[in-house]
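Notes to accompany the following structure.
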Amino acid sequence: MVGAGDLTVGEIPVKKEDFVISLDGGIGYCDFLKLEPDLIIGDFDSLTEGERQAVEQLEKEIPDRVIRLNPVKDDTDMLYGLKLALEMGYREFRLYGATGGRFDHTLANIQCLLYLKNHGATGYLMDGNGMILVLKNEEVRFKAGMEGYVSLFSLGKSAEGVTIKGLKYELEHAVITNDFPLGISNEFMGNEASISVERGELVCMLSYPD
């Protein structure tokens, strides 16, 4: 998925089996990166005039590759695209251009990660400086040699049974609440590491060194 937020990567790695969806203004990034989307979705309210003309031309030539949404809707363009991809059978998602810009859209896209988790799928918000994922009643492991910061935030009122191993600051069966940022700015130390939560949902933000 390629959204219209900030994009700080020089390329988006795509495998043969991947299905690339451009969301609204994400079409500009696809054009810049010479990335051919399999599907273009959006209400197209944030396109430049050139991008709008390109979408309209494609809509005429290959209408199956363009889904035009009503701008008055409950789902964001991102959530609409994720729901459609879930219906198509996809279960792992990497979302580019999904952070930065308007903070409300970044928060909405984090909620989309939880939507995926609640529907048996996994998603990652990707950018050049890090990655965001959501944990729900599970453990995630990190390989040795990783560098940078890790921050954890509770999505609900509290996340219980939080255990952190192999990072600079460790925890054992702790509670992280949504009104006290206990989990901010932990650090990789070059070791294998793990984070787990027994009950609740955690936003896990990875920030890589420059």
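Within segment 81-105, being in contact with a strand residue (DSSP E or B) (Cβ under 7 Å, 6 or more places away or on another chain), crowded, with 17+ Cβ neighbours inside 10 Å and at negative phi holds for GLY81, LEU82, ALA85, PHE93, ARG94, LEU95, TYR96, ALA98, THR99.
Per-residue answers, yes or no, for (1) free of Cβ contacts under 8 Å to residues at least 12 places away in the same chain; (2) farther than 30 Å from LYS136 by Cβ; (3) β-branched (Val, Ile, Thr):
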residue: GLY5; (1), (2), (3): no, no, no
residue: ASP24; (1), (2), (3): no, no, no
residue: CYS30; (1), (2), (3): no, yes, no
residue: GLN57; (1), (2), (3): yes, yes, no
residue: TYR80; (1), (2), (3): no, no, no
residue: LEU107; (1), (2), (3): yes, no, no
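Could you tell me which of the residues VAL140, VAL66 is surrounded by fewer than 17 Cβ atoms within 10 Å (Cβ to Cβ), of a type in the set (Val, Ile, Thr) and at negative phi? It would help to see each step written out before you state the result.
On the way: VAL66 fails: surrounded by fewer than 17 Cβ atoms within 10 Å (Cβ to Cβ).
The conditions single out VAL140.
Out of the residues in segment 174-189 that are assigned to a loop (DSSP other than H, G, I, E, B) and not aliphatic (A, V, I, L, M), which is surrounded by the most Cβ atoms within 10 Å (Cβ to Cβ)? The qualifying residue surrounded by the most Cβ atoms within 10 Å (Cβ to Cβ) is GLY183. Of the residues making up segment 1-33, those that are farther than 26 Å from GLY89 by Cα and not hydrophobic (A, V, I, L, M, F, W, C) are ASP6, THR8, GLY10, GLY28, ASP31.
Counting only strands (runs of 3 or more DSSP E) that fall entirely inside segment 6-83 and contain at least 3 residues that are farther than 24 Å from GLY128 by Cβ and at pLDDT 90 or above, the qualifying elements are 66-68.
The values are calculated or read from the model by the stated rules, or taken from the named source; none is laboratory data. Values in this document were obtained by computation on a predicted structure and should not be read as measured data. In this analysis, Cβ positions are derived from the backbone assuming ideal geometry, glycine residues included, and neighbour counts consider all displayed protein chains.
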